[in-house]
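Asker: Here's a structure for you.
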Amino acid sequence: EKGEYRHFMEKEIHEQPDSVQHTLSEYLDLVTGTAKTNTIDFAAIDRIQIVACGTAFYAGQIGRYAFEKLAGLPCDVEIASEFRYRSPAVTQKTLAVAVSQSGETADTLASLIWCKAQGLNTAAVVNVHSSSMARVAAVLWPTHAGPEIGVASTKAFTAQVAALLALAVAAGVARGRIDAAREAELVKALFESPRLIAEALTMGDSIRAVVQDLAKADDVLFLGRGAMFPLAMEGALKLKEISYIHAEGYAAGELKHGPIALIDEETPTIALAPLDDVFEKTASNLQEVAARGGPVIMIAPEKAPDLHGAGIRRIHAPDCHPLIAPLVYAVPVQLLAYYTAVQKGTDVDQPRNLAKSVTVE
Ligand code: F6R
């Protein structure tokens, strides 16, 4: 039941402090401040191949940044519908990981079965623990988002991201890349995310103040760097799905290689700009957008420096450890899409042409 909420999507967005907490507890020990390293032999693999579709594909891309940075594990992420038909080259020490809310998505399941037939070790990050993927994979890596009713995925996405980030820490520890002090720091940061997600949920008012303009747009650009790049693509997907506004997510550094030609007074740019080591780079991209008359909505912590340039509106996000920024910034991204759709009066929980589970290709 929706209870006090207008839509399941709104309810599920607000459940994220709990669903992320619950998922993290599967992979991390809050009492000892350590990661559980025994779910798989991370020292026995030399590559990860993630396969997924849609929102789960973006979660996988966020996971990739963490596996490579924290565990030194080469990681590829591919859309399952491409992976399964292109005869990919895989090496025997590759771990194949399917990421899926339903565990039934036809292309992801077929990719997983194919990897298993190649003799690869397999794991499935799934929310439905009795699903086909859960049964096929050698290792089940559950997410604990609970049932997701809204067709547009929200809490399943952050649960996938939480699981992958925690697993990347575990992989880094198991592979000797993360010492005890760093492990304690990263585990603590992850366990701070439910509180910071709850804080991000209070951004509703400042987000509602910009959706009037957003709802009028025909095209919206989402920009980010690092793990904020896949989150930018997820933001664009959410907006497309439920408000039917054309949106694209781009790596901020790609702007000048094409998409800057789209910028005009009618095309808003939403920037995901946590205070990380690439903040200054993103900031200068935003100034380029503003200089061309494009309205900019910059989501960044309050303590981030002010940018020069007319037309840059700021929405304050909670300040957080860079590792958990994709979890915290997922909230404003989801709320932007949600309130824009409400403003447009679309069917938020049942967007046109979409099904919750895509079991045919
Ligand atoms: C977007 C969305 C879809 C799914 C995709 C994969 O909001 O929900 O893009 O993420 O269809 O579904 P699962 O995760 O069930 O494999």
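Nothing in this text is a laboratory measurement; each read-out follows from the coordinates by a stated rule. All values reported here derive from a predicted model rather than from experimental measurement. Because the Cβ atoms are built from the backbone with ideal geometry, glycine has one as well, and the counts that use them run over all protein chains shown.
Asker: Given the peptides 296-307, 108-119, 321-332, arrange them by the average over their residues of other C-beta atoms within 10 Å, most packed first. If you can, show how the numbers build up before the last one.
Answerer: On the way: 296-307: 17.8, 108-119: 19.4, 321-332: 25.2.
Peptide ranking by packing, descending: 321-332, 108-119, 296-307.
Asker: Would you kindly calculate the mean projected area, averaged across all directions, of the convex hull enclosing the Cα atoms of segment 110-206, in square nanometres? Intermediate values should be presented prior to the final figure.
Answerer: Details: hull surface 34.5 nm².
Spelled out: convex hull of the Cα atoms, projected over all directions, averaged, 8.6 nm².
Asker: Can you give the net charge of the other residues whose Cβ lies under 10 Å from the Cβ of Arg292, counting K and R as +1 and D and E as -1? Mind showing how you got there, number by number?
Answerer: On the way: positive: none; negative: Asp264, Glu265, Glu288.
Neighbour charge sum, excluding Arg292 itself: -3.
Asker: Rounded to two decimal places and with Rh computed the Kirkwood way over Cα pairs, what is Rg over Rh for the chain? Write down the numbers at each step before the final one.
Answerer: Details: Rg = 19.5 Å, Rh = 20.4 Å.
Rounded to two decimals, Rg/Rh equals 0.96.
Asker: Hey, another quick one. With +1 on each Lys and Arg Cβ and -1 on each Asp and Glu Cβ, how big is the dipole of the chain about its Cα centre, in debye rounded to the nearest 20? List each step's numbers first, then the result.
Answerer: On the way: 32 positive and 43 negative charges, 120 e Å.
Here the size comes out at about 580 debye.
Asker: Percent relative contact order of the chain, based on C-alpha pairs within less than 8 angstrom and at least six residues apart? List each step's numbers first, then the result.
Answerer: On the way: 755 pairs, mean separation 71.1, N = 361.
In percent, rounded to a whole number, it is 20.
Asker: Once both axes come from the Cα atoms, what is the angle between helix 180-200 and the longest principal axis of the chain, in degrees from 0 to 90, rounded to 10?
Answerer: Compared with the principal axis, the helix lies near 40 degrees.
Asker: Between segment 193-228 and segment 244-279, what's the alpha-carbon centroid distance in Å?
Answerer: 14
Asker: May I ask which of Lys216/Lys238; Lys69/Lys188; Lys69/Lys116; Lys155/Lys240 have a Cα-Cα span longer than 20 Å here?
Answerer: Lys69/Lys116
Asker: Show that you can apply the helix-only estimate: for the chain, add -39,500 (n - 2.57) for every DSSP H stretch of four or more residues, divide by all residues, and state [θ] at 222 nm to the nearest 500.
Answerer: Numbers: 12 runs with 161 residues, N = 361.
Calculated at 222 nm, the ellipticity per residue is -14000 deg cm²/dmol.
Asker: If you take the square roots of the eigenvalues of the alpha-carbon gyration tensor of segment 198-306 and sort them as a ≥ b ≥ c, do you get rounded (a/c under 1.5), prolate (a/b over b/c) or oblate?
Answerer: Values: a/c = 1.36, a/b = 1.02, b/c = 1.33.
Since a/c stays below 1.5, the shape of segment 198-306 is classed as rounded.
Asker: A follow-up question, please. Evaluate the relative contact order of segment 44-193 (contact order divided by residue number), counting alpha-carbon pairs under 8 angstrom at least 6 apart; express in whole percent.
Answerer: Working: 279 pairs, mean separation 37.3, N = 150.
Once normalised by length, the contact order is 25 percent.
Asker: Which order results if Ile149, Ile312 are arranged by neighbouring Cβ count within 10 Å, fewest first? Don't skip to the end; give the middle numbers.
Answerer: On the way: Ile149 15, Ile312 20.
Exposure proxy ranking, most exposed first: Ile149, Ile312.
Asker: Collect residues whose amide H, placed 1.01 Å from N in the peptide plane, falls under 5 Å from the amide H of Lys356; neighbours closer than 5 in sequence don't count.
Answerer: The list, which skips near neighbours in sequence, is empty: none.
Asker: Still on this structure: Taking only the alpha carbons of segment 1-122, what extent do you get along each of the three principal axes, in Å, biggest first?
Answerer: Its Cα atoms span 50, 38, 22 Å along the three principal axes.
Asker: Among 84-90, 154-160, 213-219, what's the highest-first ranking by average C-beta atoms within 10 angstrom per residue? Before the final figure, lay out the partial values.
Answerer: Details: 84-90: 13.1, 154-160: 29.7, 213-219: 15.6.
Per-residue Cβ counts within 10 Å, averaged per peptide and sorted highest first, yield 154-160, 213-219, 84-90.
Asker: Magnitude of the Cβ-charge dipole of segment 41-136, K/R +1 and D/E -1, about the Cα centre, nearest 20 debye?
Answerer: Working: 8 positive and 8 negative charges, 21 e Å.
Magnitude of the dipole: close to 100 debye.
Asker: Between segment 140-170 and segment 320-361, how many Å separate their Cα centres?
Answerer: 14
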